[in-house]
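Below: the structure, in structure tokens.
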Amino acid sequence: MAYKGYENPQLVISAEELKSNLGNESFCIVDTRPTHEYLRGHIPGALHLDLFGLSLINTRKEMFDTFMWMIAYLFQQRGLDPAKTVIWSENISGTKASRGLWFCEFLGHSNTRVLDGGYKAWLAADGPVSTEGVEPPEVPPFPIEAKHNVHMDADVIHASLNQEDFVPLDTRTDDEHYGRVARAERAGAIPGSIHIEWVNNLDENGAFKPATELREMYAAAGITPEKQVMCY
């Protein structure tokens, strides 16, 4: 049985599996939490790279390709080895770890996983903890084999809004979706958006829910496999 019934269980790794493979030379663990949290304790050997502030407001191809070149350069500078499985972690199965995984996927590095439940799950599994900072090793450049099909810019999204099988999925908070809070130039949501805040994917411990629960939640909202889903 695949982990939690997922179609693609290779995208996540449990704390127990990581614990049993700690020290595996083929793994590159990246902690995306704030610096002060990393210094208070982290998975032994984990590199540090807080991805929170890395975003782009102009996602047209030329600007986006330049941005992703910068991300690939940052990965090399922080010691992420493209020859290894890159495992992303934060406190829970959160947005920064998921962003790191997505960056890897876009760059063409499919050998990447998210620690399910994050550092919280690691502690619950009695995983060892280190307070020693890890110096980034010298690694080769992180290659860019861009997978443009996993990204949509605003112009493509706008042109797709009238297609019956196209679904914009708004993963932000209720306040952002309904325009009560604006973290962009204007408040509100893309017309026709279905709203499921990202935290609804997680259980009470901050780990991803099983596939059956997720499938039921999304199907009830009208998100089914035959549709093209654009998450934002």
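Any read-out appearing in this document is the output of simple, stated calculations on the displayed coordinates, not a laboratory observation. All of these numbers come straight from a predicted model, not from anything done at the bench. So basically every Cβ, Gly included, is an ideal-geometry build from the backbone, and we count neighbours across all protein chains shown.
Answer rounded, prolate or oblate for region 109-205, using the Cα gyration tensor with square roots of eigenvalues a ≥ b ≥ c: rounded when a/c is under 1.5, else prolate when a/b is larger than b/c, else oblate. Oblate shape, in that a/c is at least 1.5 and b/c is the bigger or equal ratio. Which of rounded, prolate, oblate describes region 152-231, given a ≥ b ≥ c as roots of the alpha-carbon gyration tensor eigenvalues and a/c under 1.5 marking rounded, otherwise prolate only if a/b is larger than b/c? It comes out oblate by the Cα gyration axes. Only DSSP H runs of four or more residues enter the estimate; each adds -39500 (n - 2.57), and after division by the residues of the chain the mean residue ellipticity at 222 nm equals -8500 deg cm²/dmol. The mean sequence distance of close C-alpha pairs (under 8 Å, at least 6 residues apart), as a share of the length of the chain, puts its relative contact order at 23 percent. Would you mind checking the tilt of helix 95-107 against the longest principal axis of the Cα atoms of the chain, expressed as 0 to 90 degrees and rounded to 10? Orientation of helix 95-107: about 90 degrees from the principal axis. A simple rule links phi to the HN-Hα coupling: the Karplus curve 6.51 cos²θ - 1.76 cosθ + 1.60 with θ = phi - 60°, which for region 30-40 gives 10, 9, 9, 6, x, 4, 5, 6, 4, 5, 6 Hz, with x for Gly and Pro.
Going through the cross-link list K4/K61; K61/K96; K4/K147; K120/K227; K19/K61, which pairs have a Cα-Cα distance over 32 Å in this structure?
Exceeds cut-off: K4/K61; K120/K227; K19/K61.
P(r) for the chain, from all Cα pairs and a bin width of 10 Å, is 7, 29, 36, 23, 5, 0 %, short bins first. Listed by chain and number, the aspartates and glutamates whose alpha-carbon sits under 18 Å from that of K209, ignoring those within fewer than 8 places in the same chain, are E7, E16, E17, E90, D116, E197.
Between the alpha-carbon centres of region 1-76 and region 83-143 there is a gap of 3 Å. So how tilted is helix 61-77 from the main axis of the chain? Cα-based, degrees 0 to 90, rounded to 10. It is inclined by approximately 10 degrees. Applying 1/(1 + (r/R0)^6) with r as the Cβ-Cβ distance of Q163 and A189 and R0 = 25 angstrom yields a FRET efficiency of 0.90.
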